[in-house]
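The values are calculated or read from the model by the stated rules, or taken from the named source; none is laboratory data. Only a predicted model underlies this, so the values are computations on that prediction, with no experimental measurement involved. Neighbour counts run over all protein chains shown; Cβ positions are idealised from the backbone, glycine included. For the accessible areas, the whole protein counts, side chains as well, though only heavy atoms, and no ligand, DNA or RNA atoms are used. Shrake-Rupley method; radii C 1.70, N 1.55, O 1.52, S 1.80 Å.
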Amino acid sequence: MAQAIVLNGEDLSVTDVWRVAAEGAAVTLDESCRERVDASRRVLEDLVARDQVVYGVTTGVGPLCDRLLPREDAEALQHNLVRALSAGRCRSRHRSRS
């Protein structure tokens, strides 16, 4: 198996994407990247807690972007968006692991 690609948020190359998609390379997160992801999540959780408008988080998406969602539905929306994307409900010209 190919050497793992370590994501750090700074230097992902087209070759790295190819190695993941075509060669099955594993992907891991660098600890500094994980910390930035956690910080971003805290910001979003704070915005949701304060009933702020955040596209696709506290609102619908696409034509439903002007619909505010109840705070308790914000997490379910994120899960549903991931499910829709992973189920192929969004149009894509190419199928790949990347």
Rounded to whole Å², per residue accessible area for region 19-69 with a 1.4 Å probe reads 68 Å²
Eigenvalues of the Cα gyration tensor times 5, then square-rooted: what semi-axes does that give for the chain, in whole angstrom, largest first?
30, 19, 10
Which of the GluC sites (Glu not before Pro) found in region 1-72 are in a DSSP loop and have at most 11 neighbouring Cβ atoms, other than their own, within 10 Å?
10
Residue 29's amide H: which non-local residues (gap 5+, or another chain) put their own amide H closer than 5 Å, with H modeled 1.01 Å from N in plane and none for Pro or chain starts?
7
For a quick protection proxy, order the peptides 74-80, 15-21 by their average other-Cβ count within 10 Å, most packed first.
15-21, 74-80
Round to the nearest 10 and give me the degree value, 0 to 90, for the angle of helix 14-23's Cα axis relative to the longest principal axis of the chain.
80 degrees
5 Å is the cut-off here: which amide hydrogens, built 1.01 Å from N in the peptide plane, fall below it relative to residue 59, excluding neighbours closer than 5 in sequence?
54, 69
Heavy-atom accessible area of the chain with neighbours in place, 1.4 angstrom probe: carbon+sulfur share in percent works out to 54 percent
Over the alpha carbons of region 19-58, what is the largest minus smallest coordinate on each principal axis, giving the biggest first in Å?
44, 22, 8
